[in-house]
Protein chains: 2
Amino acid sequence: MQRIAIDCMGGDNAPEAIVKGAVQSLDLTKDTKLFLFGPVEKITSLLKEYNCSSDRVEVIDAPDVISLHEAPVMAIRRKKDSSIVKAMHFVKDGQADAFISAGSSGAILAGGQLIIGRLPLVPRPPFGALIPTKKGVCLLLDSGANVDAKPEWLVQYAEMGSVYMKEVVGVKNPKIGLVNVGAEEEKGNQLVKDTMPLLKAKTDINFTGSCEARDISFGTCDVVVCDAFVGNCILKMYEGVGKMLLSEITSVLKSSPVTMLGALLIKGKLKTTLKKFDAKQYGGAPILGLKSLVVKVHGNTDGREITHAIQQASDFIKADAVGKIAAAMEQKTPEQEV
Amino acid sequence: MQRIAIDCMGGDNAPEAIVKGAVQSLDLTKDTKLFLFGPVEKITSLLKEYNCSSDRVEVIDAPDVISLHEAPVMAIRRKKDSSIVKAMHFVKDGQADAFISAGSSGAILAGGQLIIGRLPLVPRPPFGALIPTKKGVCLLLDSGANVDAKPEWLVQYAEMGSVYMKEVVGVKNPKIGLVNVGAEEEKGNQLVKDTMPLLKAKTDINFTGSCEARDISFGTCDVVVCDAFVGNCILKMYEGVGKMLLSEITSVLKSSPVTMLGALLIKGKLKTTLKKFDAKQYGGAPILGLKSLVVKVHGNTDGREITHAIQQASDFIKADAVGKIAAAMEQKTPEQEV
């Protein structure tokens, strides 16, 4: 059984969407046990509403909530009865193997480090983001955890990302790129120049060199590593440009009876194609380098992303990805060998 | 007369597209004088081919070419007879007021600094990029010139960008944003944290605070400033995601007789809408902070962007934007006042 702790109180549509997503996962992942954290009466009544009486679901009372506007570290320290803190302690105590939440990114990141804890040798666990590409999906590390990164952190992101894509997404020999402003050797800022030789020296990953931001969405790499400031800008450009272009195209389609007829003829295929680019199908952003898997789901989830995140967490646990990441970290990094 | 020096030998479609673009500009900008740099016989025969006998066009012989693959500084120093070097010296000597090229960005940037020269008080001229947005256009500074930027450089970018948008694009009281990973005060890397108070202290620009990358394409700011590494990633994500999504949509439209019929019905309006997002209509990327305007046009231009760049340069010269930028730079920056 893969035991997964779920914060039911995070996100815009909590707890309804979260509980719904959890219930929907039960038929898809047969060997999971879900622990739902939230106000017990509310969660229990929602389970009834969704006709769920499975013995693979257990509700654990957590009457308090950490809101988006609270200072993350303070909230994690003080709100002992919140769904995030209680669920994370449950994972830390070995009663579950993964944690999923659509709540505050800051609180999830802080709690992941303060409660669940970092793996030995991982000073800075990165936030992953799964970016849909023309060919599949690319894991962007770090998408927002550690700004002003050091070269050794980026090397670890590459190693951890490689394990993740191999074990959880099923990519054989994942191609790893370092985000850069050009393909030429001499390009890059100081961080890139310092990181490049360290990554080149790594023999246990398939490092393919510089990756320009424009190539990411075409799927040239399976993992791209960068400082969190850069990664966050990349992720938000991806979201922003996609959203803006689609809103423009939608307004064209709705602009006259003629275009509406045209829209009718292309709608089906267009939807299928654009679905590929919906990050939600990939089930949330993992934080890697912690002692257990922590997954952050979009705050606006309608529940489907929770379902996918549970599948993803289940695969992660089955593959012992934490163990494999820990093992990869124990191999000496080049600068330690010097 | 606005006198503009044009490198006819840069870009994938040179010299044909460049000469064509120059000729096409003559009817649109009535008070320009164009100096075309390249092998004189070739350029003259192209002018004949395009039926141009205007006395507002003069060809100046430059038999050599700087290719994309040459080390920029070395090429600028050694290739005295290249179209870039000869045209830039022409500008430096006061015989023209602006320089336009679709050639190597590196060579244009190096030549701009080494030949045309920086304005006093501007240590690092940034590369601008005009990003089309839902509302119009946003000037991104720095899109690729100076990585590992210092806070004072970003403050200068903000000032220069404000002048550019006001004088050349015609935006009243341009809104200036600092690219950041969140709206909250405590967010950001060290550069952003150090730059924020300097920008806030500036009373001569309309600084609006942090701007997240996802908001850029919606047009929340008229100018966004950031380090060149971040700016280059933003620009390339914009280009990459746009290109990828449009190629996916095109393949949907072409996928069956039914969708092709649908495409026929929406094509006209879709084209009009998407044209808004074609950066080429804005006429290239200016380098600001030099003693004369230098504009880099996309290497793959078919000539239309050259036409627009000439119009843009003409407006820039008429507005005395260089003089206004120089004046803005002479106002003490906050840290100098301390």
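The values are calculated or read from the model by the stated rules, or taken from the named source; none is laboratory data. All figures in this text were calculated on a predicted structure; none of them were measured in a lab. Here the Cβ is made from the backbone with ideal geometry for all residues, glycine too, and neighbour counts use every protein chain on show. What goes into the accessible areas is simple: the full protein's heavy atoms, side chains included, and nothing from ligands, DNA or RNA. Shrake-Rupley method; radii C 1.70, N 1.55, O 1.52, S 1.80 Å.
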Next item on the list: Please report, in whole Å, how far the alpha carbons of the protein assembly as shown spread along each principal axis, starting with the longest.
Entry: 88, 62, 49
Next item on the list: Take the cross-link list A:42/A:291; A:172/A:267; A:267/B:243 and give me the ones stretching past 24 Å between alpha-carbons.
Entry: A:42/A:291; A:172/A:267
Next item on the list: Report the residues of the stretch A:215-244 in range of a label on residue A:194: point 7 Å along Cα→C-beta, backbone N strictly under 16 Å from it.
Entry: A:226-230
Notebook entry, point to check: Check residue A:293: other-chain or 5+ apart residues with amide H under 5 Å from its amide H, H built from backbone geometry?
Noted result: A:99
Check: Helix-derived [θ] at 222 nm for chain A: sum -39500 (n - 2.57) over DSSP H runs of at least 4, divide by residue count, nearest 500?
Finding: -13500 deg cm²/dmol
Next item on the list: Identify all aspartates and glutamates with a Cα-Cα distance to residue A:271 below 14 Å; exclude those on the same chain that are fewer than 8 residues away in sequence.
Entry: B:248
Next item on the list: Calculate the length of the line joining the C-alpha centroid of the stretch B:79-98 to that of the stretch B:194-211, in whole Å.
Entry: 36
Next item on the list: Loop only per DSSP, at most 13 neighbouring Cβ atoms within 10 Å: give me the trypsin sites (Lys or Arg not before Pro) in the stretch B:173-279, ordered by residue number.
Entry: B:254
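With N set to the residue count of chain B, report its C-alpha Rg divided by 2.2 N^0.38 Å to two decimal places.
Working: Rg = 20.6 Å, N = 338, 2.2 N^0.38 = 20.1 Å.
Rounded to two decimals, the normalised Rg is 1.02.
For the stretch A:238-326, state the average projected area of the convex hull of the C-alpha atoms over all orientations, rounded to one decimal in nm². Walk me through the numbers on the way to the answer.
Working: hull surface 29.4 nm².
Reported value for the Cα convex hull: 7.3 nm².
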Next item on the list: Name the residues whose placed amide hydrogens come within less than 5 Å of the amide hydrogen of residue B:180, ignoring near sequence neighbours (fewer than 5 apart) on the same chain.
Entry: B:211, B:212, B:213
Checklist line | Within 10 Å of each Cβ in A:145-158, the average number of Cβ atoms from other chains | finding: 1
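Counting only other chains, what is the mean number of Cβ atoms within 10 angstrom of the Cβ of each residue in peptide A:244-253?
Details: counts 13, 10, 2, 2, 7, 8, 0, 2, 9, 5.
Neighbouring Cβ atoms belonging to other protein chains average 6 per residue here.
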Next item on the list: Given the options A:34, A:261, A:199, state which has the largest fluctuation in a GNM of chain A using a 10 Å cut-off (strictly under) for Cα springs.
Entry: A:261
Margin query: Please check the stretch A:160-184 for residues whose accessible area, probe 1.4 Å, is lower by 30 Å² or more when all protein chains are in place than in their chain alone.
Written below: A:181
Notebook entry, point to check: So which residue, out of B:201, B:158, B:145, gets the largest mean-square fluctuation from a GNM of chain B using Cα contacts under 10 Å as springs?
Noted result: B:201
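In chain B, what % of DSSP beta bridges are antiparallel (nearest 5)? Numbers along the way, then the final one.
Numbers: 10 of 40 bridges.
Of those bridges, close to 25 percent are antiparallel.
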Check: Taking the label point 7 Å from Cα in the Cβ direction, how far apart in nm is residue B:61 from each other copy of itself, listed shortest first?
Finding: 9.5
Next item on the list: On the full set of protein chains, 1.4 Å probe, figure out the accessible area of residue B:221 and give it in Å² to the nearest 10.
Entry: 10
Next item on the list: Mind jotting down the distance between the C-alpha centroids of the stretch A:257-286 and the stretch B:5-49, whole Å?
Entry: 44
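Have a look at the DSSP beta bridges in the protein assembly as shown and tell me what percent are antiparallel, nearest 5.
So the antiparallel bridges in the protein assembly as shown amount to around 25 percent.
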